[in-house]
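This report refers to the structure that appears directly beneath it.
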Amino acid sequence: SQRGLELAQVYRAANNPYVDRLLEAIQGERGNQVIRKGKTGARQILQVLERQHHLFLLNDQKFNQGLAIPFLGYPAMTATAAARMALKFDCPLVPVQVERLQGFSFRITFYKPLEIQKTGVFREDVKLLTSQVCASIEKWVKQRPDQWLWIHKRWPEEFWEKKIKKS
């Protein structure tokens, strides 16, 4: 936004409506479009991509309707929206890492766009590209585990039950 780019960011609404309004206000302070995840948000996302503007979204969250993609050595239900949009709109998918530094300082690193391979089988292309997204995040987690906290259950209960029984 500091460089004059049209930006939109997708976020999951907070459960507390007061906190949600506060987060939305903070995220929209710089004039960026803030899109709430959901059906209405999906239409807004499509409009952003059709106008060829920039879209930011998080992809390290559990998504039960996604695909089981290897993540840190185990299958994790992962959202495929980023891959689907990149393939459908033929746009680059750029991994972006945000690291907390000292105090209120952050480092934002933009990496080269992921290599998009089109085999002609859309579902397989989505799975391959989503796997690349997970591999990027996995690399960051391994490099700096202190930067990550998942307060949701990234892997299902039955996964942990099986894991405990094996050990």
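The values are calculated or read from the model by the stated rules, or taken from the named source; none is laboratory data. Computed from a predicted model, the values in this text were never measured in an experiment. FYI the Cβ positions are ideal-geometry reconstructions off the backbone, even for glycines, and counts take in every protein chain you see. These accessible areas exclude ligands, DNA and RNA; they are computed on the full protein's heavy atoms, side chains included. Shrake-Rupley method; radii C 1.70, N 1.55, O 1.52, S 1.80 Å.
Measuring max minus min along each principal axis, the C-alpha atoms of the stretch 21-148 give extents of 45, 35, 28 Å (largest first). Surface analysis of the chain yields an accessible area of 72 Å² per residue, using protein heavy atoms and a 1.4 Å probe. Remark: spin-label model distance residue 40-residue 27 equals 1.4 nm, labels positioned 7 Å along the Cα→Cβ axis.
Summary of packing: across the peptides 105-111, 120-126, the per-residue average of other C-beta atoms within 10 Å ranks them, highest first, as 120-126, 105-111. For the chain, with all protein chains in place and a probe radius of 1.4 Å, 55% of the accessible heavy-atom surface sits on carbon or sulfur. The ratio of the alpha-carbon radius of gyration of the stretch 18-76 to the globular-protein estimate 2.2 N^0.38 Å is 1.41. Straight Cα distances below 13 angstrom link residue 39 to none of the aspartates and glutamates, with same-chain residues fewer than 8 positions distant left out. Overall size of the stretch 85-136 from C-alpha positions, given as principal axis extents largest first: 47, 18, 15 Å. One quarter of the convex hull surface built on the alpha carbon atoms of the stretch 46-87 amounts to 3.4 nm², the projected area averaged over directions.
When you restrict to C-alpha pairs under 8 Å that are six or more residues apart and normalise by the size of the stretch 87-140, the relative contact order lands at 32 percent.
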